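Quick note: the coordinates plus some simple rules give every number you see, no bench work behind them. Quantities reported herein were computed from a predicted structural model and do not represent experimental measurements. Here the Cβ positions follow ideal geometry from the backbone for every residue, glycine too, while neighbour counts run over all protein chains shown.
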Amino acid sequence: MYIPAWPVLNPTSLFKPAGATIPFPLGCPGSSYFYVARNGIYHLMKSLVSCGVGVPAGSKEAAQAAYRRDADGGPDAQKAEPLVLVPDYHHGNEIYALKAAGAKLRYYPVKKNLDVDLDAIADLCDLEPKPLALYLTHFIGWPQPIIEIQSLCNRKNLILIEDCALSFLSEFEGRPLGTFGAYAVFCLYKTVPVPNGGVLVANNAVNPGTTAVRPCSAVSVTGPSIDLILRWIRSRNEFFGRALLTAKRAIGRTLTGANVRRLPIGDTGFDISNVNAGMSPICHTLLGRFGYEEIKERRRRNFRIVENLLRGNVALVDKTLNDGVCPLFFPLLVKHKQIAAASLAGRGIETVEFWNSGDPQSHQPGSSAEFLRRHLLELPIHQDVTPEAAEYSAKEILKLDVGLAA
């Protein structure tokens, strides 16, 4: 059996008629579309750094102007670099983008259950210099305590930026994540099988990325698109699909050797030379052809299957599958992440080792973030995983004895 880590692309999707009801943030007037989400993060922060482009007077976002006046000592003084509160548990790409745009960062703790520490955030707001914005990550589909966070941002005069890269399709009390803050970012290709796609949303202001995007190259789209289809083939015919993927990688190495430049997907880092690359037209086409309600229900179904088989046998992250949650992965706590990933791969189960390192400046020995980096492995439960495959994954986890003890 082969279970891919990410959703795969059934070739018939290329020929389906459009007509799917598209969810937030797709098609929204406040959305701009980038090749990857980190590009949108850069453009957002760059606008806040450089006088608040797209920030309406009198809004909460306009706090940045007062922030600079206070920090600079007057309109003619040198501008201060805005301070942003960011989670200590993070990928790294968002951090690199924020820093490249000129932001200074102050890290707040994330708990072992992936919730932010509200008390710690409140305390950090009172330190000098005062922060301009709170960068909030909704981890793997679960909403943060968003009502309390909104209240805190109002009290502390913070711009709220929601990172929904891992939480496309998730809701809180019937309202999509990404609609609670002034801005939000999404990474579409983590949830649906498109070759690229990041979205920057401005809920109450002009989107700073609207005029920035340019078309990405055809060669940058071709490779990831073929990869999505070949993984679909492999999920149905292991031998044939593996052979095709091997051949495709050989072609990729040849192109690299010939210095054919392609924009990467799924890498770690930030290349400012690609910051204006936009989402490809094929992504816009495909996004109108997916059944989003079915995607969400299949992910929830698979989560419940795995949870029911593992509960009581291994330690689980303290998360409840509340209404509205569209889980990106099953958060699996393992004894040793790399060993567990290799063992499961040997059984045909691809996993994702999210966020093994992050920004060294955020590291605190003994923190919950360090625990998560060592022990949290992402198990696929996406819409292409059948109930039988979800059950197989859970049983293999128990057979291999890779999970943390309950």
- [ ] Can you work out the PRE-style zone for ASN313? Point 7 Å along Cα to Cβ, and I want the residues of segment 339-371 with backbone N under 19 Å.
- [x] 340-351
- [ ] Please build a GNM for the chain, connecting alpha carbons under 10 Å apart, and tell me which residue among ALA394, ALA18, ALA212 fluctuates the most.
- [x] ALA18
TODO: For the chain, calculate the relative contact order in percent as a whole number, restricting contacts to Cα pairs under 8 Å that are 6 or more residues apart.
DONE: 24
Open item on the list: So for segment 144-194, considering every pair of alpha-carbon atoms, how many percent are separated by more than 12 Å?
Closed with: 64
TODO: Quote the charge dipole size of the chain about the Cα centre in Debye, to the nearest 20; the model charges only the Cβ of Lys and Arg (+1) and of Asp and Glu (-1).
DONE: 1160
Open item on the list: Pairwise over distinct Cα atoms, reciprocal of the mean inverse distance: report the Kirkwood radius of the chain in Å, one decimal place.
Closed with: 22.0
Open item on the list: Positive end of the dipole of the chain, charges at C-beta (+1 Lys, Arg; -1 Asp, Glu), about the Cα centre: which of ASN308, PHE15, ALA165 has its Cα farthest in that direction?
Closed with: PHE15
Task: Pairwise Cα inverse-distance average, inverted: Kirkwood Rh of segment 280-406 (Å) - done: 15.8
Open item on the list: Strictly over 27 Å apart at the Cα level, which of LYS104/LYS319; LYS46/LYS190; LYS112/LYS395; LYS46/LYS156 would you flag in this model?
Closed with: LYS104/LYS319
Open item on the list: Can you compute the charge dipole magnitude of segment 70-224 about its Cα centre, using +1 on each Lys and Arg Cβ and -1 on each Asp and Glu Cβ, nothing else charged? Give it in debye, rounded to the nearest 20.
Closed with: 480
Open item on the list: Could you tell me how far the Cα centroid of segment 84-128 sits from the Cα centroid of segment 168-215, in Å?
Closed with: 20
- [ ] With r as the distance between the Cβ atoms of GLU128 and GLU294 and R0 = 56 Å, compute the FRET efficiency 1/(1 + (r/R0)^6) and round to 0.05.
- [x] 0.65
TODO: Could you tell me which of THR222, LEU400, HIS91 has its Cα farthest along the dipole of the chain towards the positive end, charges placed at Cβ (Lys, Arg +1; Asp, Glu -1), taken about the Cα centre?
DONE: THR222
Task: Magnitude of the charge dipole, segment 298-396, Cβ model with Lys/Arg +1 and Asp/Glu -1, debye to 20 - done: 200
Task: Ellipsoid semi-axes in whole angstrom, largest first, where each is sqrt(5λ) of the Cα gyration tensor of segment 321-391 - done: 25, 17, 9
